[in-house]
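Asks: Dropping the structure in here first, questions after.
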Amino acid sequence: MDKILSKKTLIIIPAYNEEGSVARVIENIRRDVPDADILVVNDGSRDRTAREARQSGAMVLNLPYNMGIGSAVQSGFLFAKEKGYHFAVQVDGDGQHPSSEIPRLLEALDSGIDMAIGSRFVQPTGYRPAFTRSLGIKVFSFLVSLIVGKKVHDTTSGFRATRRSAFLLLTETYPHDYPEVEALITLHRNRMRFVEIPVEMNSRQAGRSSIGAKNAGYYMLKVTLAVFIAIIKRRQR
């Protein structure tokens, strides 16, 4: 454990209008992973997210406007690449991802795994998604499992740790919105390995999800099409 934590680690927090929770998220990370550096990628927030993050001692990267979760995370990966980090961990700014579980994700990387995913569905938890989101999760799980040849329970989790080999790849190709599902396919295509680590997620501390009722249909259609394109490309090889 000491060996893995001695690696240079960057915690990436993509944040859009998370002034009500980002300071607490940073505080919890400092408590649970004191040796890691923290970067908040402020995705064009209209509130005090950047100020709260800076006052809490995190580095802040301001994007010029709201570019989407994929662009925010990819910006964090580019920062990690340029600054020579060994590991990058994505943690949402709303407080749902338990920082106490970050060391477990990092430990998984020590075995040669390229990405460790904090999963809500490997084991029974108290997480209960809305019907539309639950349907999307099941569909994506089925399709990704079909492509990679093993059961993948939580394809949409944004709680992820990646080693340098993986985030270097994702600096080159990463969807700008709803990227989690497609990123797994990208890793698989490039012979990289990922595992799921069971975690118990927290409730959102403040703000609201970017995937609301209005864009849930677009979310499912866009990602499903991307997965089918990946299947077609695989069969054409």
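Asks: For the range 58-111 and the range 130-201, what is the centre-to-centre distance using only Cα atoms, to the nearest Å?
Replies: Cα centroid to Cα centroid, the span is 15 Å.
Asks: Another question, if that's okay. Work out from phi, with θ = phi - 60° and the Karplus expression 6.51 cos²θ - 1.76 cosθ + 1.60, the ³J(HN,Hα) of each residue of the range 108-120, listed in order in whole Hz, and give x for Gly and Pro.
Replies: Per-residue couplings from phi come out as 5, 5, 5, 8, x, 6, 8, 9, 10, 10, x, 9, 8 Hz.
Asks: Under the rule a/c < 1.5 gives rounded, and otherwise a/b versus b/c splits prolate from oblate, where does the range 52-129 land using the Cα gyration tensor?
Replies: Here the range 52-129 falls in the oblate category.
Asks: Just tell me which aspartates and glutamates come within less than 15 Å, Cα to Cα, of residue 151; anything on the same chain fewer than 8 places away is out.
Replies: Within reach: 196.
Asks: Moving on to the next point. Ordered by residue, what ³J(HN,Hα) values in Hz, to whole numbers, does the range 8-22 give under the Karplus form 6.51 cos²θ - 1.76 cosθ + 1.60, where θ = phi - 60° and Gly and Pro are x?
Replies: 6, 10, 10, 8, 9, 10, x, 9, 10, 6, 10, 4, x, 9, 5
Asks: Shifting gears a bit: Using amide H atoms built in the peptide plane, which far-off residues or other-chain residues are under 5 Å from residue 11 H to H?
Replies: Excluding prolines and chain starts, which carry no amide H, the hits are 37, 38, 39, 89.
Rule-based calculations on the coordinates, nothing more; no lab input. Predicted, not measured: the structure shown is a model, and the values here were computed from it.
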